[in-house]
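To start, the structure itself, in structure tokens.
The values are calculated or read from the model by the stated rules, or taken from the named source; none is laboratory data. What you are looking at is a predicted structure, and each value in this text was computed from that prediction instead of being measured. Cβ: placed from backbone, ideal geometry, glycine included. Neighbour counts: every protein chain shown. Please note that ligands, DNA and RNA were not included when accessible areas were found on the heavy atoms of the full protein model with its side chains. Shrake-Rupley method; radii C 1.70, N 1.55, O 1.52, S 1.80 Å.
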Amino acid sequence: MSTKKLTIIAVCIALNTVLSSIIRIEGMAPMSTVFNIIFATFGTFYATLIALVTAILRMIIFGIPPLALTGAVFGAILAGISYKLSKSIFGAWFGEFVGTGIIGSIISVPVMKFFMDLDSNAVWFLYTPRFVGATIIGGIIAVVIYSSLKNSRAFKDILELFDKEHDHNSTYRKS
């Protein structure tokens with residue numbers, strides 16, 4: 001992996017860690033959704049890696065519960081897969097919605113049972129509305145940000161850097 005790619009990943013992790021911890025609504029992390037959707041354009045592996053490391057850092061630095069993991073990782077995986085299949089930011093948003101909003105919220109219940117006395121039916125009243133809300137708010141923000149980034153030379157260069165490894169006939173190559 002190139003130094004340039006590692007630097008971009010490190011900056012993405014740092015931005016995600018700080019912004020998703022600061023810009024949040026109680027019980028919701030819409031910025032995590034923003035980053036998952038935009039980073040899905042880098043590829044599933046990178047979106048998941050960034051989400052995983054960010055979640056671990058948020059837990060260590062900010063004392064955020066393991067919901068940081070369940071809320072981000074499944075969304076990143078499905079956002080990456082959905083983006084790859086659709087080549088659309090809306091596809092990535094759909095993957096994030098299913099991964100975080102549905103799967104992440106359901107998996108949060110057994111995880112949080114280790115930390116709290118929680119009824120298993122609480123997922124529908126506690127986590128699912130918050131996770132779904134975060135994916136809706138974050139998805140709107142991600143689409144707006146992506147719309148302004150997608151035509152910038154810098155973003156195209158980043159996409160090309162991440163795309164080279166997977167597809168030598170990249171659509172982002174300079175002409």
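Numbers for the structure displayed
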read-out	value
Odd one out for Ser21, checked against (1) under 19 Å from Gly139 (Cα atoms); (2) touching a helix residue (DSSP H, G or I) at 6+ places or on another chain (Cβ under 7 Å); (3) surrounded by fewer than 20 Cβ atoms within 10 Å (Cβ to Cβ); (4) without any contact (Cβ under 8 Å) to a residue 24 or more places away in the chain	(4)
Failed criterion for Leu78 (all others in (1) under 19 Å from Arg24 (Cβ atoms); (2) open to solvent by 10 Å² or more (accessible area, probe 1.4 Å); (3) of a type in the set (A, V, I, L, M, F, W, C) hold)	(1)
Members of the stretch 102-137 found to be under 18 Å from the mean Cα position of the chain (by Cα) and either open to solvent by less than 20 Å² (accessible area, probe 1.4 Å) or at pLDDT below 75 (or both), listed by number	Gly104, Ser105, Ser108, Tyr127, Thr128, Phe131, Gly133, Ala134, Thr135
Scan of the stretch 21-40 for residues that are touching a Gly at 6+ places or on another chain (Cβ under 9 Å) and part of a helix (DSSP H, G or I), ordered by number	Pro30, Met31, Ser32, Thr33, Val34, Phe35, Asn36, Ile37, Phe39, Ala40
Candidate set from the stretch 71-101 (those that are aromatic (Phe, Trp, Tyr) and over 15 Å from Arg130 (Cα atoms)); member that is farthest from the chain's Cα centre (by Cα)	Phe90
Check on Ile64, modelled with pLDDT under 95, over 20 Å from Ser147 (Cβ atoms) and surrounded by fewer than 24 Cβ atoms within 10 Å (Cβ to Cβ)	yes
Conditions (1) within 20 Å of Ile81 (Cα to Cα); (2) surrounded by fewer than 16 Cβ atoms within 10 Å (Cβ to Cβ); number of the one not met by Leu15	(1)
